[in-house]
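Data first, discussion second: the structure below is written as structure tokens.
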Amino acid sequence: MLKAVIFDVDGTLLDTERIYMKAWKEAGKLHGYEVTDEVLLKTRAVNTAEAALIFESEIGNGFSYKKCRADRTRISEEMISKEKHILKPGVKLLLGYLKENHILTAVASSTEIKMTREHLTSAGIADAFPVMVGGDMIRRGKPAPDIFLKAAELLGTDPEWCMAIEDSPAGIRAACQAGMKAVLVPDCVEPTEELKRMAYALAESLEEIPALIKPLL
């Protein structure tokens, strides 16, 4: 039986990962550094503290994560504010389906809670999530299970009755460690065979999720 669905945000509900990647590259140039796709993909879905360690280790040469991230945030927020179609395909259809079937909903995002809430509000779907957990609300980020366990706790349900919908390898690993049914909806990169085996299911888009949920009702 399924009682709750917990969503990642960036790259899952919102089409923002491509924006963040572009903004990081522009911010890096402002500070005299080349920020590559390879580095950015290593930091997907991890919290700020862990991302800082990855950036500083990979780029080196006195790279200041804090200063560069401030410019990345400014640039990405400007880009997001101009986006008219920020929702991923199938979001509203899926949220409507979950509401009709009385399934609880939450978000578990590595992004700070303030920014997560602002983005969901701008996209017009914040009211669909009575529970929101941001990366600054837990000690260990994805791929540790903490953020999903916290979301389940706030929803008042056991992890085994939850489905987690994710687009990143770190997110899928976190959901699996939490004991949830982890559904992978790829965004920026194709999943490895290992990740496909790990996931409960693989979907091309959120439009396919209702069919995965129906047998669990």
Over all alpha-carbon pairs of segment 102-164, lay out the pair-distance distribution in 5 Å bins, whole %, shortest bin first. 4, 19, 29, 24, 17, 6, 0
List the relative contact order of the chain as a percent without decimals, with contacts defined as Cα pairs under 8 Å and 6+ residues apart. 26 percent
Env charge @ ALA152, Cβ radius under 13 Å, K,R +1 / D,E -1, value -1
Put CYS176, CYS68 in order of accessible area, largest first, probe 1.4 Å, and you get CYS176, CYS68
Could you state the accessible area per residue of segment 51-162 in Å², with a 1.4 Å probe and every protein chain left in place? 53 Å²
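What does the net charge come to around THR121 if you take all other residues with beta carbon closer than 12 Å to its beta carbon, with K and R at +1 and D and E at -1?
Charge balance near THR121 sits at 0.
Using 0.36 nm per residue, how much length does the chain from ALA211 to ASN61 gain when fully extended, once their Cα-Cα distance is taken away? Numbers along the way, then the final one.
Details: separation 150, 0.36 × 150 = 54.00 nm, distance 4.96 nm.
Full extension of this stretch gives 49.0 nm more.
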Ranking request for peptides 105-117, 71-83: highest mean number of other beta-carbon atoms within 10 Å first, then the rest in descending order. 105-117, 71-83
Which percent of the accessible area of the chain is formed by carbon and sulfur heavy atoms (probe 1.4 angstrom)? 52 percent
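The values are calculated or read from the model by the stated rules, or taken from the named source; none is laboratory data. Here the structure is a predicted model, which means the values were calculated and not measured. Using ideal geometry, Cβ is built from the backbone for each residue, glycine included, and neighbour counts are taken over all protein chains shown. These accessible areas exclude ligands, DNA and RNA; they are computed on the full protein's heavy atoms, side chains included. Shrake-Rupley method; radii C 1.70, N 1.55, O 1.52, S 1.80 Å.
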